[in-house]
Amino acid sequence: MPHQLFPSGSAIYLLLMLVALIGTAVWWSRRFRSDARLVQVFAGAVIGAFVGAKIAYLLAEGWLHWGRDDFWFQVANGKTILGALFGGYAGVEGVKRLIGYRQPTGDGFATVAPLGIALGRLGCLAHGCCLGTVCESAHWFTVTDDATGSPRWPAPVAELVFNLAAFVVFFLLRRKGVLPGQHFHLYLMGYGLFRFAHEFARETPRILGGVSGYQALALGVFALGIWGYRKRSRQSRQALGEAN
């Protein structure tokens with residue numbers, strides 16, 4: 001039985017996911033008025049994120065359940081934020097290419113994505129999933145596993161704090177006009193590095209040499225951020241050269 005903070009953890013988890021999705025849609029709806037194509041871009045992000053979250057989970061951990069009684073349950077319920085970032089990025093870029101939309105949209109996603117992920121981590125706390133590793137002794141920061149009474153590293157709380165801090169940072173960068181068009185790439189790099197390091201404190205299957213599949217995905221997210229940052233920088237220089 002997983003650790004839960006609330007008796008109706010599953011319901012709270014689903015409710016918070018719904019709140020995050022609706023809140024993001026409402027925030028983006030203000031931009032829809034300026035260009036109706038942004039509805040398609042947003043849809044690409046959402047669909048890509050859901051598909052990517054599922055595929056990445058299967059690659060990182062789901063396949064380990066093959067042949068077990070819980071395999072199809074894990075397939076139905078498993079997902080990962082790392083895959084959602086990959087899939088959402090691919091969905092946005094794919095739709096923008098199809099409809100010929102060339103304006104940067106990442107800054108908007110960098111503002112709302114960390115907040116949505118933070119809400120998701122509140123859901124993890126309620127549901128009792130995404131547990132941290134067991135600590136040798138209880139501390140002020142540890143949480144108690146309801147199943148065993150063991151003190152654990154508060155992994156969902158750590159991710160919640162990281163993403164709330166990221167939300168504040170990108171909100172301020174957006175307000176001040178610092179590094180426009182690069183915010184989501186910066187988030188990918190930051191979260192990729194954070195998640196790689198934080199994975200050592202999470203209770204996830206270790207595949208090779210104490211490294212989890214999620215750490216491989218985290219490095220991929222970091223690399224995607226670097227690639228996107230460099231690509232956008234080249235595009236900006238080219239646009240500036242053409243303008244001159």
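The values are calculated or read from the model by the stated rules, or taken from the named source; none is laboratory data. Just so it is clear, the model here is predicted, and its values are computed rather than measured. Cβ: placed from backbone, ideal geometry, glycine included. Neighbour counts: every protein chain shown. When the accessible area is computed, the model is the full protein with side chains, heavy atoms only, and any ligands, DNA or RNA have been set aside. Shrake-Rupley method; radii C 1.70, N 1.55, O 1.52, S 1.80 Å.
Remarks
- The condition of being over 21 Å from residue 78 (Cβ atoms), over 13 Å from the mean Cα position of the chain (by Cα) and part of a helix (DSSP H, G or I) holds for residue 172.
- Taking residues in segment 199-220 that are over 16 Å from residue 80 (Cα atoms), and partners anywhere that are of a type outside the set (S, T, N, Q) and open to solvent by less than 30 Å² (accessible area, probe 1.4 Å), the pairs with Cβ atoms closer than 7 Å and at least 6 places apart or on different chains are 201/132; 201/155; 207/213.
- Checking residue 160 against (1) more than 30 Å from residue 102 (Cα to Cα); (2) among the hydrophobic types (A, V, I, L, M, F, W, C); (3) in a loop (DSSP other than H, G, I, E, B), the condition it does not meet: (3)
- When 128, 149, 190 are checked against the criterion of being crowded, with 17+ Cβ neighbours inside 10 Å and without any contact (Cβ under 8 Å) to a residue 60 or more places away in the chain, 190 stands alone in meeting it.
- Residue in segment 212-223 that is more than 30 Å from residue 145 (Cα to Cα), more than 14 Å from the chain's Cα centre (by Cα) and surrounded by 11 or more Cβ atoms within 10 Å (Cβ to Cβ) present: yes
- Residue that is farthest from residue 113 (Cα to Cα) [pool: residues in segment 24-42 that are of a type in the set (Val, Ile, Thr) and at pLDDT below 75]: 26
- Selection of segment 77-125 for residues being surrounded by 19 or more Cβ atoms within 10 Å (Cβ to Cβ), more than 18 Å from residue 199 (Cα to Cα) and hydroxyl-bearing (Ser, Thr, Tyr) yields 89, 105, 111.
- For segment 224-244, taking the residues that are of a type in the set (A, V, I, L, M, F, W, C) and out of contact with any helix residue (DSSP H, G or I) (no Cβ under 8 Å at 6 or more places or on another chain), the one that is surrounded by the most Cβ atoms within 10 Å (Cβ to Cβ) is identified as 227.
- Residue in segment 139-150 that is under 14 Å from the mean Cα position of the chain (by Cα) and at positive phi present: no
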